[in-house]
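Student: Could you have a look at this structure, given as structure tokens, before my questions?
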Amino acid sequence: MIDGIDIRRATPDDLEEVVDLLAAQLAEHDIPIARADLALAADGILRVADRGFVLLAMEPGGPVGVACVSFSWTVERGGVVAWLDELYVVPRKREHGVGNALLGEAIGVAAAAGCRTMELEVETSHARAEHLYRRHGFGDLPRRRWTRPLP
């Protein structure tokens, strides 16, 4: 626990709080997604442990941060990989160690689940996030991530 913050695994009962935090994160980065789609995705992780996990950083007044991790099976890594899909801390709690604690806990939970690696992506303009990830042993890959929506 740091500064009255407790980090715990989210459950399906936490769906609304998780969606609120994830919606704020995606809005901050101008990533459009319908709330219903976001809720469907979050609920799927909360209800099916093989898909991943969600951690909440809680203070007495409610949640102040979230880490959302999805699992995938990859040939390149030789098994299950944890994908840090989202790491978000409400603006008023940034620079207080909450993101650092969430990331450390996410790494520990992923390792305990048997993940071979944890991977993530960072916007090239987000130097503060890069610094956090480097402190936790992450290194950048000489690649670019691509995407294609499917019908």
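Student: When DSSP assigns beta bridges and you keep just the ones with both residues in the chain, what percent turn out antiparallel, to the nearest 5? The partial results should precede the final answer.
Tutor: On the way: 23 of 26 bridges.
Once the DSSP bridges in the chain are tallied, antiparallel ones form about 90 percent.
Student: For E28 and R8 in the same chain, what is the full-extension length gain: residue separation times 0.36 nm, less their Cα-Cα distance, in nm?
Tutor: On the way: separation 20, 0.36 × 20 = 7.20 nm, distance 2.39 nm.
Full extension of this stretch gives 4.8 nm more.
Student: Turning to a different aspect of this structure: Based on Cα coordinates alone, diagonalise the gyration tensor for the chain, multiply each eigenvalue by 5, take square roots, and list the semi-axes in whole Å, largest first.
Tutor: Numbers: eigenvalues 96, 71, 59 Å².
Values for the chain, descending: 22, 19, 17 Å.
Student: Quick one: if you stick a label point 7 Å off each Cα along the C-beta vector at D20 and A112, how many nm between them?
Tutor: Between D20 and A112, the simple spin-label model gives 2.6 nm.
Student: T124 label point, 7 Å along Cα→Cβ, cut-off 14 Å on backbone N: hits in the range 132-147?
Tutor: 141-146
Student: Going 7 Å from the Cα of V80 toward and past its Cβ, which residues in the range 106-131 have a backbone nitrogen under 18 Å from where you end up?
Tutor: Residues passing the 18 Å test: 106-120.
Any read-out appearing in this document is the output of simple, stated calculations on the displayed coordinates, not a laboratory observation. Please read all numbers here as calculations on a predicted model, not as lab measurements. Please note: Cβ atoms are built from the backbone with ideal geometry, for glycine as well, and neighbour counts cover all protein chains shown.
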